[in-house]
Amino acid sequence: MTGGISGGGSGGISGGASGGISGSAAAARGSAGAVGGTPAVRGTAGGVAPGAGVNLLALRSHNAALVLDLLRTAGPSGISRLELAERTGLTPQAVSKITARLRADGLAAEAGRRASTGGKPRTVLRLVPEAGHAVGLHLDRDELTAVLCDLTGAVVAERSARLGLGAGAEAVVEGAVGEVESLTAGVASVLGVGVALPGPLDHARGVLHRVTGFPEWDGFPLRDALAGRLGVPVVVDKDTNAAALGVAVGGGGSAGSASAGSAGAVGGSFAYLHLGTGLGAGLVIGGGVHRGARTGAGEFGHQVIQLDGPVCGCGNRGCIEVLCLDAVGRGAVEEAARVLGAGAANLVGLLDIDLVLLGGRTVAAHQEAFVRGVGAVLEERALREGVASVVPVRVAPGGARGVAEGAAQLLLAPLFGRGEG
């Protein structure tokens, strides 16, 4: 394909004192070290394959990220160079050099002209969404969901398959590779694949630990296995962290929407509670995903709240996860919601978060009951403690593919200086 983003020479993206974009392989590793210095790729008829393009994951200059993010949030109407300079604090000369590189590499384009207060009309620039794509892959316990997102985070294609973690590593990797290759066939500038699945796992190395219910995955190098087969950078994170990241940066846009990647972002500190085939939490503190030093944060479902309760898949008794799922299985959804509320109240008391978001297929099947039940427990706690305002409870945006879209943001968000944590 000739539409890829080329690197090297005068047409490449390079760093400099002017605030340009650094394209070094070292920078491509990102803040968590999950993305290696794999070259960028271009789509072929057979799916993703190595190419000669510049690695967009290496566009880690702070100044360039500021400009790219403003281009993204401006949407199709665009933004002028003068406005970019005013909002970033960069000099007009630095902005001109950065935008010239972005235009040369196909990332930005003119969006018309805008009247100015004096002098000639200003040229406005916009992000080119189709200049790059990321795959988001959600590996659940019993199914696989894959989405292809453009630079704004808008979903342009999706696939799903009845393939769960219980099929074993070889089958899951083979199935995942097949779905990604089908999804990216003929697509130019594939940045890489973000993979989200139940934890615990090591986000930095892309290695799984003892996934609850599937201990045979312990120690499996999922990132390297997929990267070796696909030839693109791969980032692995917990499903709850990916979903929380998608919410934090404003993912969840649909194809054709304006500025889909920047709409609806949730700021501040919040907890995303995911109740599906299991239960976990994604924590966003001060705008960034809180993973912990060993990606151990958010193992919310395995808080023990009933010492003599039923045995959980993790080996403990009375975990919130097993109590919630048992109640749902008995048709006692209101009971499950109050159990989930007890755990949410613990998080609110411990972290003083601003918002609780609920997601996952079990919540989706009983949205009103869970929002009402969790909210009631938080309200009761607030009344006991004399707190004037109750932490709100809402259903998370993104719906059934929210985790997969968040997984794509594992690749996209760092390009725009977002989602670091």
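The values are calculated or read from the model by the stated rules, or taken from the named source; none is laboratory data. Keep in mind that this is a model prediction, so the values were computed, not measured. In this analysis, Cβ positions are derived from the backbone assuming ideal geometry, glycine residues included, and neighbour counts consider all displayed protein chains.
Mind checking whether some residue in the range 397-410 is among the aliphatic types (A, V, I, L, M), touching a strand residue (DSSP E or B) at 6+ places or on another chain (Cβ under 8 Å) and modelled with pLDDT under 95? Before the answer, list the steps.
Taking the range 397-410 and keeping what is among the aliphatic types (A, V, I, L, M), we get 400, 403-404, 407-408, 410.
Keeping just the survivors that are touching a strand residue (DSSP E or B) at 6+ places or on another chain (Cβ under 8 Å) gives 400, 403-404, 407-408, 410.
Those still in the list that are modelled with pLDDT under 95 too: 400.
Yes - at least one qualifying residue is present in the range 397-410.
Within the range 141-164, being part of a loop (DSSP other than H, G, I, E, B) and in contact (Cβ under 8 Å) with a residue 60 or more places away in the chain holds for 141, 142, 151, 152, 153, 154. In the range 306-326, the residues that are at negative phi reach residues that are among the β-branched types (Val, Ile, Thr) and part of a loop (DSSP other than H, G, I, E, B) with C-beta atoms within less than 9 angstrom, at least six apart or across chains, in these pairs: 312/212; 313/212; 314/212; 319/305; 320/305; 321/212; 323/305; 325/277. Identification of strands (runs of 3 or more DSSP E) wholly contained in the range 90-140 with 2 or more residues that are buried (at least 23 other Cβ atoms within 10 Å of the Cβ) and touching a residue at least 40 places away in the same chain (Cβ under 8 Å) yields 122-127, 133-139.
I'd like the residue in the range 382-421 that is of a type in the set (Lys, Arg) and touching a residue at least 40 places away in the same chain (Cβ under 8 Å) and, out of all such residues, is nearest to residue 353 (Cα to Cα).
Ranking the qualifying residues of the range 382-421, first place goes to 418.
You will find that of 282, 228, the residue that is at pLDDT 95 or above and surrounded by fewer than 23 Cβ atoms within 10 Å (Cβ to Cβ) is 228 and no other. Among the conditions (1) of a type in the set (Ser, Thr, Tyr); (2) surrounded by 23 or more Cβ atoms within 10 Å (Cβ to Cβ); (3) at pLDDT below 95, residue 272 misses just one, which is (3). Among the residues here, residue 387 does not qualify as in a loop (DSSP other than H, G, I, E, B) and touching an Asp or Glu at 6+ places or on another chain (Cβ under 8 Å).
Considering 76, 129, the condition of being under 16 Å from residue 413 (Cα atoms) and at pLDDT 90 or above is satisfied by 129 alone. Take the conditions (1) under 29 Å from residue 71 (Cα atoms); (2) assigned to a helix (DSSP H, G or I); (3) not basic (Lys, Arg); residue 397 misses just one of them, which is (2).
Contact map, the range 221-248: first residue at positive phi, second residue assigned to a loop (DSSP other than H, G, I, E, B), Cβ cut-off under 8 Å, separation 6 or more or different chains; pairs are 231/38. Evaluate the following for residue 410: is it under 30 Å from residue 152 (Cβ atoms) and out of contact with any His (no Cβ under 8 Å at 6 or more places or on another chain)? Yes; evaluated as a whole, the condition is true for this residue. Can you find even one residue in the range 206-229 that is in contact with a Ser or Thr (Cβ under 6 Å, 6 or more places away or on another chain) and in the same structural domain as residue 151 (by TED's automatic domain parsing)? No, the conditions are met nowhere in the range 206-229.
Could you tell me whether the range 339-357 includes any residue that is in contact with a helix residue (DSSP H, G or I) (Cβ under 8 Å, 6 or more places away or on another chain), farther than 20 Å from residue 299 by Cα, part of a helix (DSSP H, G or I) and in contact (Cβ under 8 Å) with a residue 12 or more places away in the chain?
No, every residue in the range 339-357 fails to be in contact with a helix residue (DSSP H, G or I) (Cβ under 8 Å, 6 or more places away or on another chain), farther than 20 Å from residue 299 by Cα, part of a helix (DSSP H, G or I) and in contact (Cβ under 8 Å) with a residue 12 or more places away in the chain.
For the residues 159, 114, 103, the requirement of being modelled with pLDDT of 95 or more and of a type in the set (Lys, Arg) singles out 159.
Contact map, the range 363-381: first residue surrounded by fewer than 18 Cβ atoms within 10 Å (Cβ to Cβ), second residue at pLDDT 95 or above and not hydrophobic (A, V, I, L, M, F, W, C), Cβ cut-off under 8 Å, separation 6 or more or different chains; pairs are 369/334; 376/338; 376/341. Could you grab me the full set of residues in the range 293-316 that are over 24 Å from residue 362 (Cα atoms) and either polar (S, T, N, Q) or in contact with a Leu (Cβ under 9 Å, 6 or more places away or on another chain) (or both)? Listed by number, the list holds a single entry, 295.
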